[in-house]
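Every number in this text was worked out from the coordinates using simple rules, so none of it is lab data. Given the structure is predicted, the values throughout are model-derived calculations rather than measurements. Because the Cβ atoms are built from the backbone with ideal geometry, glycine has one as well, and the counts that use them run over all protein chains shown.
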């Protein structure tokens, strides 16, 4: 089945953006990946179109990364995102900061897996194709990563942030 | 509980991994869609009506040429088909080079296995009761079987011609000596695959191929005179008879598939 291309555009763009940290470059690479996939017969005739698209995008990002020596998933980018993501509530912001810290403790490959599996929601079969490993390895790795993140943010153990009203603040 | 935690982390991750809005998405997607449509259905001004384009587009598939379809089917042939074909060809060529005229009988004894491999590979889906599944795919079962038998038949014929050229001891009659056991085995295997499914069908086909192979050796040992030039017409008659029987059996197998399709 052909995936919804509009939706995939955003997801692949997000993947490229967090790989390279440059929105313009990420968009160029996304478009290049779409055009290259279109030129290939494999994309149209059979196989896994989504995995194919991601593989092209991933390879293009690696090429770009090699050319320009990017730091994969720059820390500042995630930090900036945590602050910019419209988190107005204190607890959410704290959660987000903890999650960011937990993410930073992961390896770059683990972060890539998080981005693809949990953010872009790439199916396990397709993800196994993209990463060139078995489905079981993807299952094992994602489970391990999830545990690490849970440990990092220690859900439920931290007391809830207290929301102060305007009157309380005045006092 | 665990699921809730996972979902909660996923939500947080989505917030964290928020990328800026892409600028050229709308423009690119318009061009992309147009280009994709052109690639699937040909140029926009190709004389097709809008309705036809729409219907074809809903399948999202470009019609394939016969050659392309055969090339795709080539990739579905199991490695054992290629291994057996290479082994038969290798043994025959080696025997021809080593034992001259005597080696010829080794080639004739090996040829039935070529026929068996071709038939069992072509009807593999039927043998393993996967015919319905294959029918639900992009191509009809008949076209898949026809493509496979075409590939294997042409490949085997090429092998037989190579053997004839390599062991040029009996002129054009060699091809007849090779074709008779080949067609005989093919006919036998077609009958078996039509009637018996599963592993038993493959064993029975292997039995037929072995029997024909042994028969060749016995005939050569007991009645060497049948290879004489004056019996060429007999060989030709047997070859034609076997060809007719094999075609008849092939038709019956295909008709059975049509019944399956109709049901």
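Observations
- B:128, B:80 arranged by Cβ crowding within 10 Å, fewest neighbours leading: B:80, B:128
- Order of A:138, B:151 under a 10 Å beta carbon neighbour criterion, fewest first: B:151, A:138
- For segment B:66-262, alpha-carbon Rg over 2.2 N^0.38 Å: 1.05
- Potential extension, residue B:87-residue B:158 segment - 0.36 nm per residue separation minus Cα distance: 24.1 nm
- A simple spin-label model places pseudo-atoms 7 Å from Cα toward Cβ; at residue B:214 and residue A:59 they are separated by 5.4 nm.
- Centroid-to-centroid, using Cα positions, segment A:1-30 and segment B:184-235 are 61 Å apart.
- When only Cα pairs below 8 angstrom with a gap of at least 6 residues are kept, segment A:5-68 shows a relative contact order of 33 percent.
- Here the simple spin-label model places points 7 Å from the Cα toward Cβ, and for residue B:8 and residue B:97 these points are separated by 7.4 nm.
- Label positions at residue B:71 and residue B:197, each projected 7 Å from the Cα along the C-beta direction, are separated by 3.4 nm.
- Hypothetical label at residue B:248: residues of segment B:144-188 whose amide nitrogen lies under 19 Å (7 Å Cα-Cβ projection): B:180-188
- Here, segment A:5-68 yields an orientationally averaged convex hull projection of 4.0 nm² when only Cα atoms define the hull.
- Taking other Cβ atoms within 10 Å as a rough exposure proxy, B:91, B:66 sort from fewest to most as B:66, B:91.
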